[in-house]
Every structure is written in structure tokens, then in C-alpha cells.
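Heads up: the structure comes next, in C-alpha cells.
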Amino acid sequence: MIDRLNASLNFLQQSLNLRAERQEVLSANIANADTPGYKARDFDFRTELDRVVNQGRAEGQSGLSLSMTSSRHIAAQANGSAGGIDMLYRNPTQPSLDGNTVDMDMERVNFADNTVHYQADVQFLTSRLQGLKNAMQRES
């Protein structure tokens, strides 16, 4: 039972981590909308989430592991998932003369969509934890 609970919460944790990372990527695109030669970047959320979750299953753990360079180090796990994200360049719909590929309309839509998904993931995680808390409390 603990394993299933851990897997469920791990999925939500990895989803939130990737959503936060994507928000940073989209923010960088928006911030560099007027930078000549800047190439807009993004990643496929679904592909990356599948990769991170399957990587955790293959390694038999819930996240990335830290390497130990000394026998005196304490074993631990990393709290991130951004280490191996496959970043892609966007194909411009309207090429600009200065080589910038940022389409502000597309970036705003993706930013808003990612924000809504992030908030939904947080709310789902909160309700899941609240349900667990209610299940553990004694009835009066």
C-alpha cells in the first residue's frame, strides 16, 4: 500500500517539477522576445513526464539519485527532474528579420496553459493529501 501511495505522490511531484521547469523556459522565451537571434525553446511535457517516471521505476526509486564521491557521504536523493530534459527549438510561424523565433501570442498561450495545469496539479495534490489526513484521523 505504501508503494502505491509513494508512486502516486511521486507522479504528482515529478509533474509539478516539470511544470515549474517549463514555466521557466517559457518565461525565458518571453523575456527574450526582443533579443536579436534568440531561438525560442520548449519541451514536450508528456514525453518528459513519461521519461522521468519510467526512469524512477527502472532505478527502483522515486527520483534522481545523487552520486557519492566519498565513502563518508550520506546517501540521499535529489529533488529535481530537470537534469536530462530534451530541449527543442520552436519552428517560427513568422520569421523575423533579426532571427528571433519568439512568437509572443504562442508564448502567452503556452504560459497561461502551463499555469492552469500547474495550479490543477497543486490542487489535486492538496486534495489527495487532505484525503489521507482525514483517513488517518480518529473519528470522534
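Nothing in this text is a laboratory measurement; each read-out follows from the coordinates by a stated rule. None of the values given here were measured: they were computed from a predicted structure. Every residue, glycine among them, receives a Cβ derived from its backbone with ideal geometry; neighbour counts consider all protein chains shown.
Here are a few things to note about the model shown:
- Highest-MSF residue in the chain out of Leu97, Leu12, Leu125 [GNM, Cα springs under 10 Å]: Leu97
- A run of the chain free of exposed loop cleavage sites, with GluC sites (Glu not before Pro) counted only in DSSP states other than H, G, I, E and B and at most 16 other beta carbons within 10 Å, reaches its longest extent at 60-138.
- Residue-averaged 222 nm ellipticity for the chain, from DSSP H runs of 4+ at -39500 (n - 2.57), nearest 500: -19500 deg cm²/dmol
- Evaluated over the chain, the Cα radius of gyration and Dmax, each in Å: 19.2, 70
- Full extension of the segment from Ala31 to Arg128, taken as 0.36 nm per residue of separation minus the current Cα-Cα distance, would add 31.4 nm.
- Spin-label model, Gln137/Arg72: points 7 Å from Cα along the beta carbon direction are separated by 4.7 nm.
- Options Gly37, Asn114, Asn100, ranked by Cα towards positive dipole end of the chain, top entry (Cβ charges): Asn114
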